[in-house]
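Sharing a structure here in structure tokens format.
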Amino acid sequence: MRVNPFMVLAAAAADWDRLSRLLEPGTRRTLSELLSRLRAEEGAPDPAAAGPAARVLLDALPADESARLQRHGETGRFTDVPQAQLYEGYTAADLCMLVLDGNPMVGPALGPVRERLLREPATPWTEGADPRLIALSGEDGRRRLPLFQFEAGTMPWRIVLEVNSVLRAGTDPWGAADWWLSRTTWWDGTPAALLGRGRDAELLGAARELADPAGEE
């Protein structure tokens, strides 16, 4: 039976944390190159790259894992649109984000959170941006900086940089962004809405409580 490569890639995305540990570094590099073609950040995507990418996975994985992915690839209709190929809520685009960007916000649970946060006003990330700023990326792989972080123009709020450091935004930008942009039990509104209102000490205190609720040093 013909194997649908988009379904193979989607099924791999659904179990990527485990499957990625079974791949050699060289395989990961080859897969990254093919997924870059499939996504095509610049120019038109290359759907033809899906087949070779799926084949790289199937050939590199242990026989039982390869057979499992092939069975998943034998289902679903055939199309050149990766987003149309769903396996338990995952798509080939999710695998692109996992492999190319290390972006964990994929699948039916975290994907909607990613899209909600990406709908917030943002500006493109540029070289030299303060590393304490939250940078988020979507299916296109392009990083953007949520605008709430800036007091004026390109000048970030000092308290945002302090809170981002406490929340470890460098390693968990999505968690930090969700804290800033979600309504909390601390205030009637979002933390981001309190910027510039003389509530900096409260913001910092709340972030510290979240990061270290036991009060440990």
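The values are calculated or read from the model by the stated rules, or taken from the named source; none is laboratory data. Source: prediction; values computed, not measured. Neighbour counts are summed over all protein chains in view; Cβ atoms, including those assigned to glycine, are modelled from backbone coordinates with ideal geometry. Remember, those area values only see protein heavy atoms, side chains included, never the ligands or the DNA or RNA. Shrake-Rupley method; radii C 1.70, N 1.55, O 1.52, S 1.80 Å.
Take the residues in segment 121-138 that are open to solvent by 70 Å² or more (accessible area, probe 1.4 Å) and touching a residue at least 12 places away in the same chain (Cβ under 8 Å); name whichever of them is farthest from residue 38 (Cα to Cα). I'd like the intermediate steps shown before the answer.
Of segment 121-138, the ones open to solvent by 70 Å² or more (accessible area, probe 1.4 Å) are 121, 124-128, 131-132.
Still in the running and touching a residue at least 12 places away in the same chain (Cβ under 8 Å): 121, 124-125, 131-132.
Numbers: 121: 27, 124: 22, 125: 23, 131: 29, 132: 31 Å.
For segment 121-138, the residue satisfying everything is 132.
Determine, yes or no, whether residue 49 is under 20 Å from the mean Cα position of the chain (by Cα) and outside any loop (DSSP other than H, G, I, E, B). I'd like the intermediate steps shown before the answer.
Working: under 20 Å from the mean Cα position of the chain (by Cα): no; outside any loop (DSSP other than H, G, I, E, B): yes.
Answer is no for this residue.
For segment 172-206, which positions are surrounded by 14 or more Cβ atoms within 10 Å (Cβ to Cβ), over 22 Å from the mean Cα position of the chain (by Cα) and acidic (Asp, Glu)?
Selection gives 200, 202.
Also, quick follow-up: Under 28 Å from residue 90 (Cα atoms) and aliphatic (A, V, I, L, M): is that true of residue 169 in this structure? Lay out the reasoning, then the answer.
Numbers: under 28 Å from residue 90 (Cα atoms): yes; aliphatic (A, V, I, L, M): yes.
Against the criterion (under 28 Å from residue 90 (Cα atoms) and aliphatic (A, V, I, L, M)), residue 169 qualifies.
How many residues, within segment 142-171, are buried (at least 18 other Cβ atoms within 10 Å of the Cβ) and among the polar types (S, T, N, Q)?
Total meeting the criteria: 2.
Which residue pairs have Cβ atoms under 9 Å apart, sit 6 or more places apart or on different chains, and have a first residue in segment 35-64 that is under 14 Å from residue 10 (Cβ atoms) and a second that is basic (Lys, Arg) and modelled with pLDDT under 95?
Qualifying pairs under 9 Å: 53/37.
Could you grab me the full set of residues in segment 119-137 that are farther than 19 Å from residue 171 by Cβ and touching a strand residue (DSSP E or B) at 6+ places or on another chain (Cβ under 8 Å)?
From segment 119-137, those farther than 19 Å from residue 171 by Cβ are 119-124, 126-128; that's our starting set.
120, 121, 122, 123, 124, listed by residue number.
Right, here's the next one. Is there a residue in segment 14-21 that is farther than 15 Å from residue 91 by Cα, among the aliphatic types (A, V, I, L, M) and crowded, with 18+ Cβ neighbours inside 10 Å?
yes
For residue 53, state whether it is crowded, with 17+ Cβ neighbours inside 10 Å, touching a strand residue (DSSP E or B) at 6+ places or on another chain (Cβ under 9 Å) and closer than 20 Å to residue 139 by Cβ. Show your work before the answer.
Details: crowded, with 17+ Cβ neighbours inside 10 Å: yes; touching a strand residue (DSSP E or B) at 6+ places or on another chain (Cβ under 9 Å): no; closer than 20 Å to residue 139 by Cβ: yes.
Spelling it out, it is not the case that residue 53 is crowded, with 17+ Cβ neighbours inside 10 Å, touching a strand residue (DSSP E or B) at 6+ places or on another chain (Cβ under 9 Å) and closer than 20 Å to residue 139 by Cβ.
Please count how many residues of segment 91-124 are at pLDDT 95 or above, over 13 Å from the mean Cα position of the chain (by Cα) and not acidic (Asp, Glu).
Residues meeting the conditions: 5.
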